Amino acid sequence: MFSVLDTRPVAPGVTRLEIAAPRVARFWKPGQFVIVRVDGEGERIPLTVVDADPAAGHITLIVQAVGYTTRRLSQVPTGGEIADVVGPLGRPSEIEAFGHVAVVGGGVGTAVAFPTARALQGAGNRVTVIVGARTAAHVILADEIRDAGCDLIVATEDGSAGVKGLVTGPLEELIEADIVDRVIAAGPIPMMRAVAETTRSGAIPTMVSLNPIMVDGTGMCGGCRVRVGGEMKFACVDGPDFDAHLVDFDGLARRNRTYLEFERAALEADMPMAAR
Amino acid sequence: MKELSTRERMQIPRQAMPVRDPAERRRDFEEVALGLTPELAEREAMRCILCKRPPCIEGCPVRVRIDQFIPLVASGDLAGAARMLAEDNALPAVCGRVCPQETQCEELCVLGRKGLPVAIGALERYVADWAREHGAGRQAPTAPTGHRIAVVGAGPAGLTCASDLARLGHEVTIFEALHEPGGVLAYGIPRFRLPRDIVGAEIRALTDLGVEIVTDAVIGMAESIDDLLAGGYDAVFVGVGAGLPRFLDVPGEDLVGVYSANEFLTRVNLMKAHQAGAATPVIDLDGARVAVFGGGNTAVDAARTAVRLGAAEVAMLYRRTRAEMPARAEEVEHALEEGVLLTEQVAPVELTGTDGRLEGVRLLRMEQGEPDESGRRRPVEIPGSEFDLPIDLAVVAIGNAPNPILRRTTADLEHTKWGTLVADPDTGETRKPGVWAGGDIVTGGATVILAMGAGRRAAQAIHRHLTAKNDLEAG
């Protein structure tokens, strides 16, 4: 069992959990994820690690309650326990001196993008983080991003914070006004696809962090397979970061909808197998 | 008990193991084969003609003393038989159920030349089940040696290696990536063939020996092998399995409704998708048409699992003929009894669908060509023989490639161009000092018992190495 040391809401429907997971904390690098199982009957879900403290043996996860399991996880109180936290999994993000890197986080995808942005800043890059959110209340990690020394641009759909609109607006402006050597994006599939299209004509190297369905997270099940440049890749062992200009986002979106009806029914009934 | 002559022994017919009625068992996940009754077991054991040089043992990768434990069953000394079996086999109740005996011990049985061999597998299962139910055959470790060994992977190879090393007095820690130990015994083989309480009992026997099992630990992603060696382990055994599913490499494999056998079986076996209230689903199979590609045990397991999940029609699609299927003969028999269809000599050309969902498969008929490296006749396409089959779910069960995690993260762990680890077949020794390996990560996808044999040989080699080291240090 893994102890939850702190649970707190950070945005509507979004929860930050600090968990004692010494093995993950010791070996985690930005871009890597864990698989979490809330209890003995729970499903295994992949979640990107936001931060780790190897000395204390703690990791930080940020989870959006979108389904039955993520809601259960969000509800584990401070002092509670989680059955399994396994990792780190996946290849770490490439951290090199690229020059000026634009890191784009959409919604809770900001939690995925943030550790990579901070590591890039630490590696001598100039990093501009563009955070997209529905409203000002949905913006997460803004202080942490600024504290890490990154420039921050916020875009909200209703204009309640930063610029009004999607993340691609400020990204386009940034590319026009400035030299951008690399772009990294994490968030909903339509957003990552839009970022890929934004940078394609200028051939700016662009990486996306993918979030497919997974069971084991170590290459065994093949459920996370995704086409990249026409080749079959397993996001868990070959990713989760891939060249955005080569990813088959349509295929990824279709496969991620496999259990949509099941998930909806489970969420409505607050029971996993309500559909049956 | 009266002594029987060889002639009398040979007149006893092979005793068939009772199995559940197909119409009943195809609706649940309870065990299919029920095991021998005491009467059946005793009669079957009497068939053994007590060869002076028993060939059957040569067919057993872990060298169970078949010629000795079977007479103990015949004379009613089950405790003695259980003790002997426990010494020879770390997972006897598992092997009695899942070993391909017909190509191992039983294939070499002298009785098989003229009639049917002794049902060695059924007798092994009988003794192991008796031992479990009576708390017999427990092993005790010898005096501690002070050596610590890390075993990577809690599958058949790792469990066997750990058991042998623990009984020799070494302190063993097993690191397992999943949340449950067992490897393929946990995620791969269905409960109706291998009930989970049996796997659980075999693993408890191991922890009773003092073996520590650490779950949720992916060596290579968390600690490296070098971290383990530097952190106080005197030797490392790598038994991580094959674990990277192969796909068909035909168009349409990304359609929703196409699963690897690993994923399909893991969702059911490990994550319990078949149970009401399970949080991990498979797509609804009620009334569905299912195609399983492949002809091995995994394909048969997937097909029979699909039947139990309510599929209306399940077909195994195999490139060769039934005679060439690598699956255990008894399992193919059981699958057919349960209504699984076997379509021989077909190969998929394309999986088709609309809106990203699988709707059918285009197949090509095959014929037998010249023999290939495996000695089996190569399947050859018949041009123009395409035909379409409507299906709702496809399971790809054509084997596994070696998992890449350890070789990527351990630079000096030598591997072949196929990605399997290079290890001495007799000892499991790799080219990296202090590291032994065995099972599917070395051989590529094989059987539970072959992996166990490799685990056993590596345990002996590790023990010899550590003992020699002691002698050197003492001398």
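The values are calculated or read from the model by the stated rules, or taken from the named source; none is laboratory data. All figures in this text were calculated on a predicted structure; none of them were measured in a lab. Positions of Cβ are generated from backbone atoms using ideal geometry, with glycine treated the same way; all protein chains shown enter the neighbour counts. What goes into the accessible areas is simple: the full protein's heavy atoms, side chains included, and nothing from ligands, DNA or RNA. Shrake-Rupley method; radii C 1.70, N 1.55, O 1.52, S 1.80 Å.
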Longest chain B segment clear of GluC sites (Glu not before Pro) sitting in DSSP loops (not H, G, I, E or B) with at most 15 other Cβ atoms within 10 Å runs B:31-372
Rounded to the nearest 5, what % of the DSSP beta bridges within region B:245-400 are antiparallel ones? 50 percent
Charge-dipole axis of chain B as Lys and Arg at +1 and Asp and Glu at -1 on Cβ define it, positive-most pick from B:GLY375, B:VAL361, B:GLN68: B:GLN68
Which three lengths, in whole Å and largest first, does region A:192-258 cover when its Cα atoms are put on their principal axes? 37, 22, 18
Note to self, chain B gives a 222 nm [θ] from helices alone (DSSP H runs n ≥ 4, -39500 (n - 2.57) apiece, / all residues, nearest 500) of -10000 deg cm²/dmol
Of all accessible surface on the protein assembly as shown at a 1.4 Å probe, what whole percent is carbon and sulfur? 50 percent
Taking a ≥ b ≥ c as the square roots of the Cα gyration tensor eigenvalues, with a/c under 1.5 meaning rounded and otherwise prolate when a/b beats b/c, else oblate, which class fits region B:119-192? oblate
Drop in accessible area of at least 40 Å² in the complex versus isolated chain, residues of region B:214-241, 1.4 Å probe: B:ASP216, B:VAL218, B:MET221, B:ALA222, B:GLU223
With +1 on each Lys and Arg Cβ and -1 on each Asp and Glu Cβ, how big is the dipole of region B:112-196 about its Cα centre, in debye rounded to the nearest 20? 380 debye
Relative contact order %, chain B, counting alpha carbon pairs below 8 Å whose residues are six or more apart: 15 percent
Looking only at the protein assembly as shown, where both bridge partners belong to it, what percent of the DSSP beta bridges are antiparallel (to the nearest 5)? 50 percent
Anisotropy class of chain B from Cα gyration tensor, a/c 1.5 cut: oblate
Please calculate the 1.4 Å probe accessible area of B:CYS99, with all protein chains present, and give it to the nearest 10 Å². 10 Å²
Can you put B:ASP208, A:ASP248 in order of accessible area, largest first, using a 1.4 Å probe? B:ASP208, A:ASP248
For region B:26-141, what's the relative contact order in percent, using C-alpha pairs closer than 8 Å and at least 6 residues apart? 31 percent
For residues of A:246-254, the mean tally of beta carbons on other chains within 10 Å: 2
Estimated [θ] at 222 nm from DSSP helical runs (n ≥ 4, -39500 (n - 2.57)) normalised by residues in chain A, nearest 500: -7500 deg cm²/dmol
Show me you know the interface measure: the accessible area buried between A and B, both chains summed, probe 1.4 Å, in Å² to the nearest 100. 3800 Å²
Positive end of the dipole of the protein assembly as shown, charges at C-beta (+1 Lys, Arg; -1 Asp, Glu), about the Cα centre: which of A:SER74, B:ILE57, B:THR298 has its Cα farthest in that direction? B:ILE57
Please identify every one of the trypsin sites (Lys or Arg not before Pro) in region B:351-397 that sits in a loop by DSSP and has no more than 16 other beta carbons within 10 Å of its own beta carbon. B:ARG376
Can you list the residues of region A:37-82 whose accessible area drops by at least 20 Å² going from the chain on its own to the full set of protein chains, with a 1.4 Å probe? A:ARG37, A:GLU41, A:GLU43, A:ARG44
DSSP-assigned coil residues among trypsin sites (Lys or Arg not before Pro) in region B:382-433, each with at most 10 further Cβ atoms within 10 Å: B:LYS417
Please work out the FRET efficiency for the pair A:GLU81 and B:SER385, using the Cβ-Cβ distance as r and a Förster radius of 60 Å; give the result to the nearest 0.05. 0.55
Calculate the dipole size of the protein assembly as shown relative to its Cα centre from +1 charges on Lys and Arg beta carbons and -1 charges on Asp and Glu beta carbons; express the result in debye to the nearest 20. 1420 debye
Cut-off under 14 Å on the C-alpha distance; same-chain residues fewer than 8 positions from B:LYS114 excluded. Which aspartates and glutamates are left, in chain and number order? B:GLU106
So how far apart, in nm, are the two label points at B:THR343 and B:LEU4 if each is 7 Å from Cα heading toward Cβ? 4.7 nm
On average, how much accessible surface per residue is there in region B:6-134, in Å², for a 1.4 Å probe, leaving out ligands, DNA and RNA? 46 Å²
In region A:110-257, if the dipole is taken from +1 on Lys/Arg beta carbons and -1 on Asp/Glu beta carbons about the Cα centre, which of A:PHE249, A:VAL208, A:LEU166 is farthest to the positive end? A:PHE249
Relative contact order in percent for chain A (Cα pairs under 8 Å, 6+ apart) equals 16 percent
For region B:54-147, which trypsin sites (Lys or Arg not before Pro) pass both filters: DSSP loop (anything but H, G, I, E, B) and at most 10 other C-beta atoms within 10 Å? B:LYS114
